[in-house]
C-alpha cells in the first residue's frame, strides 16, 4: 500500500481481526455491515511448528483467495480484495493436524 492509501484507511474504518487455535480451524472474521463493503488489505497466517495448510479468504461463503501456507505466510494486497456489500469477510487457516501446533491467522482491512 502507498502512504496515501494507509492515510486514507485511518478515515475509512480500518479494522484487524485475529484468531488462534490448537489443531482446529482458525478463523479471523469481520462481520458484515448493511450497505457497506469490506476491503481486505492484508493477511498473515502460520503455525507454531512446521506444517503446510490451506489458507482461504472468504466473502460470505465464497472463496476469493486461497494459498498453501508453509509454516508462515504474510501478504499485503496493493489493490485490496473487495467484499460484497453487507457480507462478512473471513480468513480461515486449516487445523494443524497435531495437538500443540497452534495455527494463527490475521486479517486486515477497512470498511467503506
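At a glance:
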read-out	value
Wholly within segment 11-112, strands (runs of 3 or more DSSP E) carrying at least 3 residues that are in contact with a helix residue (DSSP H, G or I) (Cβ under 7 Å, 6 or more places away or on another chain)	none
Subset tally (residues that are exposed (fewer than 14 other Cβ atoms within 10 Å of the Cβ) and at pLDDT 95 or above) for segment 61-73	6
Pick from segment 12-54, criterion more than 21 Å from residue 72 (Cβ to Cβ) and without any contact (Cβ under 8 Å) to a residue 60 or more places away in the chain, ranking: surrounded by the most Cβ atoms within 10 Å (Cβ to Cβ)	32
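The values are calculated or read from the model by the stated rules, or taken from the named source; none is laboratory data. Owing to the predicted nature of the structure, the values given are computational and were not obtained by experimental measurement. Every residue, glycine as well, gets a Cβ built from its backbone with ideal geometry; the counts of neighbours run over all protein chains shown.
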